[in-house]
Structure formats: structure tokens, C-alpha cells
Amino acid sequence: MSNIIWKIKTFDEFTVPELYAVLKARINVFVIEQNCPYPDLDDYDQKAVHIWAEEDGEVLANCRIFDKGIKYDETSIGRVLTTEKARGKNLGRQLIKYALETIENRFHTSEVRISAQDYLLKFYSEFGFVDTGKKYLEDDIPHTEMLRK
């Protein structure tokens with residue numbers, strides 16, 4: 001029986017242990033696992049709404065969402081991850097579903113722009129995201145901008 005708890009918080013609502021757990025998961029996936037030194041602490045966390053799944057204080061899936069005009073003209077989702085231990089349990093799908101619901105409830109729009117790692121294009125297309133044709137390398141990883149209307 002799983003004890004997974006989903007949380008949705010602004011930066012100011014984080015407890016210190018929660019913030020630590022979210023940052024630890026991000027560093028484990030984006031820096032260590034993807035072997036990519038990059039500035040994860042980019043001063044955008046303070047402007048984001050954070051969504052994550054945790055079990056016994058450990059973060060299993062996480063993302064952050066932004067209102068219009070912060071990252072793009074549209075709302076956006078970023079720093080999407082599922083930890084190695086939690087993969088294959090559909091937590092990523094649940095996470096995106098919650099992210100889109102939260103955007104609609106809090107920001108009153110269904111328009112979302114994301115920067116997707118290329119291997120996830122098919123995954124995001126399941127949620128109505130469309131390839132905009134804008135492709136680029138970010139930290140040596142191929143990305144594509146995708147838009148959901």
C-alpha cells in the first residue's frame with residue numbers, strides 16, 4: 001500500500017524539509033543522473049507554484065508551474081521529474097494532469113508553453129501539447145518548445 005501524498009505549494013508555503021527534499025530530487029535527476037552541471041537555483045522558484053508527490057518525506061515526482069508573463073507569455077510547466085526509484089508507476093502522468101488542473105484553477109487558462117526534452121515529445125503530446133518547431137540545445141540536451149492551447 002503506497003503512502004504517496006501530493007502537495008501543491010507556493011515558495012513561501014514550503015517548510016524547510018520540503019524545500020530540501022524538492023531540491024535534492026532535482027539535483028539527483030538533472031545534475032547527477034543527466035550528468036549536467038547547470039544552475040538549478042535560478043531565482044524562479046520564488047515565483048512558481050510547486051507540485052510534488054512524496055512518500056515518507058522523499059520526493060518522487062515534482063514540477064513547478066508559472067503564471068503568464070513569467071517564463072513565457074503563456075503559463076508554463078518546468079523542472080518536471082520523476083525520480084529513478086519512482087519511474088514506471090505513472091506518477092509523471094499524474095503530475096502533468098495535476099499541473100494542468102492547477103494552471104486552469106489558479107491562472108484561468110488552458111494555454112501552456114513548455115520546453116520539453118526531445119525524448120518526451122510523445123509523452124507531452126498525450127496532454128495536447130504540440131511541437132512548435134522551435135528546437136534548441138539547453139545544457140547540451142536537445143529541447144523542443146511545445147504549446148497547448
Report summary line: Checked against (1) within 27 Å of Ile5 (Cβ to Cβ); (2) surrounded by 15 or more Cβ atoms within 10 Å (Cβ to Cβ), Arg87 satisfies every condition except (2)
Report summary line: Expected output for the stretch 27-55 (first residue under 21 Å from Leu137 (Cα atoms) and assigned to a loop (DSSP other than H, G, I, E, B), partner basic (Lys, Arg) and at pLDDT 95 or above, Cβ below 7 Å, 6+ apart or cross-chain) is Asp40/Arg26
Query - Out of Tyr119, Tyr136, Tyr98, sole residue that is more than 22 Å from Ala53 (Cα to Cα), of a type in the set (Phe, Trp, Tyr) and in a helix (DSSP H, G or I) - result: Tyr119
Query raised in the report: Quick one: which of Lys24, Lys68, Lys7, Lys47 is surrounded by 12 or more Cβ atoms within 10 Å (Cβ to Cβ), among the charged types (D, E, K, R) and in contact with a Ser or Thr (Cβ under 6 Å, 6 or more places away or on another chain)?
Result: Lys68
Requested in this report: Find the residue count for the stretch 64-78, including only residues that are under 11 Å from Ala99 (Cβ atoms) and not β-branched (Val, Ile, Thr).
Outcome: 4
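The values are calculated or read from the model by the stated rules, or taken from the named source; none is laboratory data. The model shown is predicted, which means the values in this text are computed figures rather than measured ones. Heads up, the Cβs are rebuilt from the backbone with ideal geometry, glycines too, and the neighbour counts pull from every protein chain shown.
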